[in-house]
Amino acid sequence: MTSFGQRPAQTCDTYISHVQHLHTKGEERARAVQHAKGKKTARERISLLLDPGTFHEIGRFAGGNIDEDYLGSGVVTGFGEISGRAVAIIAQDFSVRGGTLGDVEGTKILHLMDHAIDMRMPIISLLDSGGARIQEGVAALSQYGQIFRKTSAASGVVPQISVILGPCAGGAVYGPALTDFVIMTKDSSYMFVTGPEVVRAVTGEDVTSNDLGGAQLHSATTGVAHYMAHDEEDALDYTRSLLSYLPSSSEEDAPRFAYTANDDDEARASEVGQLVPVNPKQSYDMVEVIEHLVDHGEFLQVQELFAANVVVGFGAFAGRSVGIVANQSCVDAGTLDVHASEKASRFVQFCHAFNIPIVTLVDVPGYRPGTEQERAGIIRRGAKLITAYATATVPLVTIIVRKAYGGAYIVMGSKSMGADFNYAWPGAEITVMGSEGAVNIVHRKELKELKAAGSDVQRARKRFEQAYSTQAVNPNLSLEIGALDGLITPEQTRQTIISSLVLAQAKRRPQRIERHSSNPPL
Ligand code: HXC
């Protein structure tokens, strides 16, 4: 028997060039299919995402038949590097049977995920697929079931990012939904559980794919997507930026960037007080405040278009990667509602899982009142944010920049919720509720009596409100009971955050009471 090493060189060369020829042919076909639809091929996407020359493909020929001139399956899997750090890549190849998932594709994906979990590296999936391969029936469905299970197993162990670059239909959408971040391209991706045809057949509703599950819908309305990219390059670029703030696994600390203190950052930070109007009724852009505080003014927002009354995203302080949660004054005055609560809770939970410190900037007038929110389940859904902060064991630094009212204040990383360092700007309004509401309750009887006696009720009300404001709408009580560690000027904010993060850097997860599982309001 001739061993492989003893094969004549010419046979080896012929064999390799045959495989290379099939590879080239496959790529040509992929380009023809994808470019015609304005999309890139799986391999083009991988090249754009990874550092040049780092892709290490695995299972390249699985599902193909080299002797019958057929190479590979509907998914490309492998490893590579992004900014020098290892990642695992899954890229569905729409040019092969619509990128559908059959037995081979499922096996390749599961194999790669197992490796990624073992080797503690982030998993990035580039999705573009017709879903379960109809011809393979329930065997394909069961591969999805296993992928869901594996994704859940990897959750909180390694970061998982889904980039939707084409169709993602049927139950297949739950794979991305289980991952940490979903990125969609504006005009060429969509996600829905039941497609337009089924919708039409069952409900008679006529709807386009885009209206049913396009990027705009999922970025602004449902909150499924965390970023709406202009195009594929933008989607992959955002993925690279996002990864730079994340550790490779829950066993690592959050990344540290090389950082040298510089005049620009200090100058920006010294201007932050000018961005926040003293008048609490005047709004401002909290994103601008954040950009004045973080290193190099760089803030990577997550879910920018969804529940914009709360802002979440990543930045750095003196080179330390942090998650930032803040109320957005210029959207609904920064009130908390069901969507904002869920958006922020998932973000806090993610940071907690991956050792990323959280900086919270508070300017919250309360929960949005009214039947709409109560009926939407603000109690059940708002409770998620409480759980997220209450169980977070990463360093928590909170700054109250203006208003901190009632329950919404307590929820937003207050000391009583477990924050490590809490500071307020001098003009902060920290109170149970606004003076108008408080006077209506506390002085109701007196106001009624004054009205009955024909006195000037408005004047009395103003007087009560003024007295309440002076006594109760300030940081004094919080300072006295230790709910605040001190008052800082706006100019001191950046340095205070940096020194707090340095102090808290060695914070370790506390021992918890042993239990099978808590039962958080998921
Ligand atoms: C088998 C499929 C397929 C599928 C597409 N193809 N979807 N083959 N099973 N699910 C094949 C097509 O037959 C075609 O093959 C090739 O892929 C490209 O598809 P086209 O239709 O030509 O492309 P396009 O016009 O761009 O439309 C893409 C599409 C459409 C919108 C995705 O193909 C479509 O609606 N497919 C079905 C989507 C769907 O309902 N999936 C749900 C499946 S059930 P040829 O040989 O002609 O090139 C599911 C459940 C998962 O996923 C549950 C998990 C728990």
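The values are calculated or read from the model by the stated rules, or taken from the named source; none is laboratory data. Keep in mind it's a predicted model, so treat the numbers as computed, not measured. For neighbour counting, all protein chains shown are included, and Cβ atoms are generated from backbone atoms with ideal geometry for every residue, glycine included.
A few remarks follow.
- Within segment 208-220, residues that are free of Cβ contacts under 8 Å to residues at least 24 places away in the same chain and of a type outside the set (K, R) have Cβ atoms under 6 Å from residues that are assigned to a strand (DSSP E or B) and away from the ligand (no atom under 12 Å from the Cβ) in no pair, counting only partners at least 6 apart in sequence or on another chain.
- Residues satisfying the criterion are absent from segment 118-129 (criterion: part of a helix (DSSP H, G or I), closer than 16 Å to G74 by Cα, in contact (Cβ under 8 Å) with a residue 24 or more places away in the chain and more than 21 Å from the chain's Cα centre (by Cα)).
- Matching residues, segment 153-169, being within 16 Å of the ligand (Cβ to nearest atom), in contact with a strand residue (DSSP E or B) (Cβ under 6 Å, 6 or more places away or on another chain) and at pLDDT 95 or above: S162, I164, L165
- Neighbours by Cβ (under 8 Å, 6+ apart or cross-chain): first from segment 501-522, closer than 18 Å to A390 by Cβ; second small (G, A, S): P521/A383
- Qualifying positions in segment 347-373 - of a type in the set (S, T, N, Q) and under 18 Å from V310 (Cα atoms): Q349, T360, Q373
- Taken across segment 354-363, residues that are in contact with a Pro (Cβ under 8 Å, 6 or more places away or on another chain) and either surrounded by fewer than 20 Cβ atoms within 10 Å (Cβ to Cβ) or closer than 17 Å to I410 by Cα (or both) do occur, with at least one present.
- Residue in segment 3-22 that is modelled with pLDDT of 95 or more, not β-branched (V, I, T) and not in a loop (DSSP other than H, G, I, E, B) present: no
Every residue, every condition in (1) out of contact with any helix residue (DSSP H, G or I) (no Cβ under 9 Å at 6 or more places or on another chain); (2) closer than 12 Å to I399 by Cα, yes or no:
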position	(1), (2)
G482	no, no
D485	no, yes
I488	no, yes
T493	no, yes
S499	yes, no
Q505	yes, no
R509	yes, no
I513	yes, no
H516	yes, no
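- Going through (1) within 15 Å of the ligand (Cβ to nearest atom); (2) at pLDDT 95 or above; (3) in a strand (DSSP E or B) one by one, Q146 falls short only on (3).
- E105 meets all of the listed conditions (1) at pLDDT 95 or above; (2) within 13 Å of the ligand (Cβ to nearest atom); (3) part of a loop (DSSP other than H, G, I, E, B) but one, namely (3).
Rundown of residues vs (1) within 16 Å of the ligand (Cβ to nearest atom); (2) closer than 26 Å to S241 by Cβ; (3) buried (at least 20 other Cβ atoms within 10 Å of the Cβ), yes/no style:
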{"site": "T24", "(1), (2), (3)": "no, no, no"}
{"site": "R29", "(1), (2), (3)": "yes, no, no"}
{"site": "K40", "(1), (2), (3)": "yes, yes, yes"}
{"site": "R60", "(1), (2), (3)": "no, no, no"}
{"site": "S95", "(1), (2), (3)": "yes, no, yes"}
{"site": "D118", "(1), (2), (3)": "no, no, no"}
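- For segment 323-349, a residue qualifies if it is out of contact with any Lys or Arg (no Cβ under 8 Å at 6 or more places or on another chain), surrounded by fewer than 24 Cβ atoms within 10 Å (Cβ to Cβ) and either acidic (D, E) or under 15 Å from D253 (Cβ atoms) (or both), but none of them does.
- G482 satisfies every condition listed in (1) on the phi > 0 side of the Ramachandran plot; (2) surrounded by 13 or more Cβ atoms within 10 Å (Cβ to Cβ) except (2).
- Qualifying residue in segment 191-205 (condition: part of a strand (DSSP E or B) and out of contact with any Asp or Glu (no Cβ under 7 Å at 6 or more places or on another chain)): yes
- The lone exception for Y423 - which of (1) within 30 Å of I324 (Cβ to Cβ); (2) exposed (fewer than 13 other Cβ atoms within 10 Å of the Cβ) it fails: (2)
- Residues of segment 65-89 that are within 16 Å of the ligand (Cβ to nearest atom) and within 21 Å of A139 (Cα to Cα): G72, S73, G74, V75.
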